[in-house]
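The values are calculated or read from the model by the stated rules, or taken from the named source; none is laboratory data. Here the structure is a predicted model, which is why all the values come from computation and not from measurement. When we count neighbours, we look across all protein chains shown, and the Cβ atoms used for this are built from the backbone with ideal geometry, even at glycine. Please note that ligands, DNA and RNA were not included when accessible areas were found on the heavy atoms of the full protein model with its side chains. Shrake-Rupley method; radii C 1.70, N 1.55, O 1.52, S 1.80 Å.
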Amino acid sequence: MTDIATYNFAYLDEQTKRMIRRAILKGIAIPGYQVPFASREMPMPYGWGTGGVQVTASIIGPDDVLKVIDQGADDTTNAVSIRAFFKKVAKVAVTTETAKATIIQTRHRIPEQPLTAGQVLVFQVPIPEPLRFLEPRETETRKMHALEEYGLMHVKLYEDIARHGRIATTYAYPVKVEGRYVMDPSPTPKFDNPKMHRSPALQLFGAGREKRIYAVPPFTGVVSLDFEDHPFEVQTFDQPCALCGAENVYLDEVILDDHGGHMFVCSDTDHCEKRRGDPTSSSWGDRAEGAGGADGQSSPSSTPIPALRADPPHNGEGKEAE
Amino acid sequence: MTDEPLLRVSALSKFYGSRVGCENVTFDLWPGEVLAVVGESGSGKTTLLNCLSTRLLPSSGTASYRMRDGQWRELYRMSEAERRFLMRTDWGFVHQNPADGLRMTVSAGANVGERLMAVGDRHYGRIRATAVDWLSRVEIDEDRIDDEPRAFSGGMRQRLQIARNLVTGPRLVFMDEPTGGLDVSVQARLLDLLRRLVTDLGLAAIVVTHDLAVARLLSQRMMVMKDGRVVESGLTDRVLDDPRAPYTQLLVSSILQV
């Protein structure tokens, strides 16, 4: 392992981590407020989680256990490579089990298993400004946040109802944090919004390209915006997961063949495997927890259902996913 | 009309470096009164309007506004939050170019409803009903409510802009050349509409225009500006029928007779 001696612990230099920790502390002190920070170049392109990786790098310690999910799955490219990255530069233990992780970096999902106090959820955020598509001027949106002028956010929801008869926003659904700042919960499905409300875990959001960090401290109120006569509601699925039979979880549609065959399966792979008591799941997890070695070589043949190992379809319909 | 004015402007000046925007403008505006500011381009009308609507800060002078609770407030000492709140509740601003005052990418209904949502209305059905009502008041068909203003003609856009401004029941509306760029028949209908709304709602308005006919139709009182100064002011009919200042006489005699 002499080759990694050239890296500082967790890749970033100590001054940078200090700067990011300051931004994180400020974010925690002002829930939902977007704190600018001097985002660094990371050894990955923008759009692949540079913000989340910098946040994780700044808070991770040698005793932490890291889990990385991408659209709920532990075994997709983004998740595998970020996990491998931290295993290499911080030599931390990694896991796929939600309960065992102390830090969970996520791209667009919150695990189905409720998080507990002491866990930290790090979101990768593409566009931190919820008002961006309504008001393109950054100077103006900052002023709107400062003066709490959030009427415009409801204009978007109004447009949804006028066009579709209901609030058609299904991801990046705007929330109000602790009765003050309107925040973009990153492009998670709105299904996950209620999980943010008064969560015992600390939730941190990092946007690398946009150079913003924000946070929701534990047990903070997170309320999804809505109208009195069109209240907020989450997606429902009319069938359970095709693999584990779970209900009231977020499902991904998996295409099976070219003849319209498809099935709906849990987007949270760890949750699904746990429920099925899948033996490959635990062995896979153990393998992943071993220090060093190339991770992410999980072979599709190791699981009985090949479709599950395919990349689940992305939820961020048409929007640049990050 | 009450005994107290709505707006008191005293010795207002705005300089752009050494150049004069407007200088030493003093007047009172009463509730329900329409004041026209006329003059050639570059005479400082728009600068004055922007100062009054707090879009620009003047170099010197004061302006006080009587709030709904009867309190007098000095406009340029209010915090930005208060000014912006005033701007979207008790005031309106009708731009010459509707694209400046509308959100071109959201529907007409949302354009009208935005101010309601900004002051805290969170009931979709009610917001929509109000939008429908206001669209009919400005003679826009109800079935255009979900269309974007981009699909509207110039006259319709201007009427939509007026509806968007009046929906919160403001007491004072600023208008910058509200009929500019419209053809005469559309202009005539818009003026009819404005006159009716202003009378029905008891609005006070400050209308900047270079069109003396618009001023005559809409306003009770008039200020004539030249090179940033007010050269003459008085009742509209008096100023137009019996102009005293040489510049006003020139202005009035320059109207084309058809």
**Prompt:** When region B:184-207 is examined, which residues are found to be over 20 Å from B:Ala163 (Cβ atoms) and crowded, with 20+ Cβ neighbours inside 10 Å?
**Reply:** none
**Asked** Considering only strands (runs of 3 or more DSSP E) fully contained in region B:1-115, which possess at least 1 residues that are open to solvent by less than 50 Å² (accessible area, probe 1.4 Å) and either out of contact with any Lys or Arg (no Cβ under 9 Å at 6 or more places or on another chain) or β-branched (Val, Ile, Thr) (or both)?
**Response** B:7-16, B:19-29, B:34-38, B:91-94
**Only one of A:Phe85, A:Phe191, A:Phe133 that is aromatic (Phe, Trp, Tyr), within 14 Å of chain B (Cβ to nearest Cβ) and either under 20 Å from the mean Cα position of the chain (by Cα) or open to solvent by 30 Å² or more (accessible area, probe 1.4 Å) (or both)** = A:Phe133
**region B:208-258: number of residues that are open to solvent by 50 Å² or more (accessible area, probe 1.4 Å), of a type in the set (Gly, Ala, Ser) and assigned to a strand (DSSP E or B)** = 1
**Failed criterion for A:Phe219 (all others in (1) away from every other protein chain (no Cβ under 14 Å); (2) within 26 Å of A:Ile161 (Cα to Cα) hold)** = (2)
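Looking at A:Glu247, A:Glu273, A:Glu253, can you tell me which residue is at pLDDT below 95, of a type in the set (Asp, Glu) and assigned to a helix (DSSP H, G or I)?
Working: A:Glu247 fails: assigned to a helix (DSSP H, G or I); A:Glu253 fails: assigned to a helix (DSSP H, G or I).
Exactly one residue qualifies, and that residue is A:Glu273.
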**Fill in**
Residue pairs within 6 Å by beta carbon, gap of at least six or interchain, first lying in region B:77-97 and within 18 Å of A:Met144 (Cβ to Cβ), second among the charged types (D, E, K, R), listed first then second, are B:Arg88/B:Arg115
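Are any of the residues in region A:32-41 of a type in the set (Phe, Trp, Tyr) and surrounded by 21 or more Cβ atoms within 10 Å (Cβ to Cβ)? Before the answer, list the steps.
Here is the first cut: in region A:32-41, the residues of a type in the set (Phe, Trp, Tyr) are A:33, A:37.
Imposing the further condition that a residue be surrounded by 21 or more Cβ atoms within 10 Å (Cβ to Cβ) reduces the set to A:37.
Checking region A:32-41: at least one residue is of a type in the set (Phe, Trp, Tyr) and surrounded by 21 or more Cβ atoms within 10 Å (Cβ to Cβ).
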**Among residues of region A:190-229, those that are closer than 16 Å to A:Pro111 by Cα and polar (S, T, N, Q), counted** = 3
**Asked** Would region A:111-130 turn up any residue that is buried (at least 20 other Cβ atoms within 10 Å of the Cβ) and within 14 Å of chain B (Cβ to nearest Cβ)?
**Response** no
**Request:** Identify the single condition in (1) open to solvent by 40 Å² or more (accessible area, probe 1.4 Å); (2) touching a residue at least 60 places away in the same chain (Cβ under 8 Å) that B:Ala129 does not satisfy, given that it satisfies every other one.
**Result:** (2)
